[in-house]
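The values are calculated or read from the model by the stated rules, or taken from the named source; none is laboratory data. Keep in mind that this is a model prediction, so the values were computed, not measured. Cβ sites come from the backbone with ideal geometry, for glycine too, and all protein chains shown count toward neighbours. Surface accessibility is based on the protein's heavy atoms, side chains included, excluding ligands, DNA and RNA. Shrake-Rupley method; radii C 1.70, N 1.55, O 1.52, S 1.80 Å.
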Amino acid sequence: MIKAITFDLDGVYFPNGKGNFIKALGKLGVSEDEAKRVFLKSDQMNRVYKIGKMTDEEFWSWAAKEWKLQKTPQELIDLLISSYDVDDRVVATVKNVRVSGYKALVCSSNFPARVNGLQQKFSFLDNFDTAVFSYEVGANKPSERIFQELINRAGVPAETIVFADDHADNLGEAKQLGITTFLYKDFNKFIDQLKNLGVKL
């Protein structure tokens with residue numbers, strides 16, 4: 001029986017933030033390829049910043065230099081946060097999950113400036129029972145460590161936790177730990193798959 005449902009943030013709860021940020025950088029003269037290289041693909045982002053080994057100040061100072069922008073770290077962070085909106089359907093579903101007696105969880109490869117900025121803007125963490133972030137545990141999805149932390153904090157057996165992700169590569173370690181997993185395709189299919197697992201919403 002399912003007791004806890006994990007929601008993704010980027011692309012689900014916050015549907016278009018990354019894309020909007022890349023477009024905003026384009027208006028400042030940063031090409032899409034350059035924006036993606038630094039913000040999405042760099043080792044500094046994925047292997048250092050997101051696992052808590054680089055501060056907000058350090059990463060965004062480096063990013064400004066790479067993009068040849070005369071912007072402070074805080075100005076870039078503000079631009080990032082202003083690029084985000086919530087999907088009201090997802091927010092309503094998260095709230096409904098909790099009203100229906102399930103725990104609502106977050107498991108996210110993320111960095112402090114984004115989490116803290118979005119919390120300040122949307123108070124999104126108030127809608128969840130538990131949130132596990134890569135920079136807190138020193139490991140990104142799909143490492144075993146981040147999913148083990150999710151199980152520990154959720155306080156329910158692994159097999160009663162649902163975890164869906166739009167990247168199939170992120171599912172393997174979670175599944176090995178006993179978490180119920182499936183590939184996220186779109187929000188309506190996500191709801192259908194939850195119902196197929198016996199979740200009453």
When the range 20-41 is examined, which residues are found to be touching a residue at least 12 places away in the same chain (Cβ under 8 Å), open to solvent by less than 50 Å² (accessible area, probe 1.4 Å) and out of contact with any Ser or Thr (no Cβ under 7 Å at 6 or more places or on another chain)?
-> Ile22, Leu25, Val30, Ala35, Val38, Phe39
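Can you pull out the residues in the range 128-185 that are of a type in the set (A, V, I, L, M, F, W, C), outside any helix (DSSP H, G or I) and within 15 Å of the chain's Cα centre (by Cα)?
Across the range 128-185, the qualifying residues are Phe128, Ala131, Val132, Phe133, Ala139, Phe163, Ala164, Leu171.
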Looking only at the range 140-185, and only at residues there that are farther than 11 Å from Ile5 by Cα and hydroxyl-bearing (Ser, Thr, Tyr), the one that is surrounded by the most Cβ atoms within 10 Å (Cβ to Cβ) | Tyr184
Being in contact (Cβ under 8 Å) with a residue 60 or more places away in the chain and outside any helix (DSSP H, G or I) is the filter; apply it to the range 186-201 and report the residue that is most open to solvent (accessible area, probe 1.4 Å).
-> Lys200
How many residues does the range 93-116 contain that are among the aliphatic types (A, V, I, L, M) and farther than 22 Å from Asn46 by Cβ?
-> 5
Would you check if there is a residue in the range 101-111 being part of a helix (DSSP H, G or I) and crowded, with 22+ Cβ neighbours inside 10 Å?
-> no
Odd one out for Ala92 among (1) part of a strand (DSSP E or B); (2) aliphatic (A, V, I, L, M); (3) loosely packed, with under 14 Cβ neighbours inside 10 Å | (1)
Unique match (being touching a residue at least 60 places away in the same chain (Cβ under 8 Å), hydroxyl-bearing (Ser, Thr, Tyr) and open to solvent by less than 50 Å² (accessible area, probe 1.4 Å)) among Ser61, Ser83 = Ser83
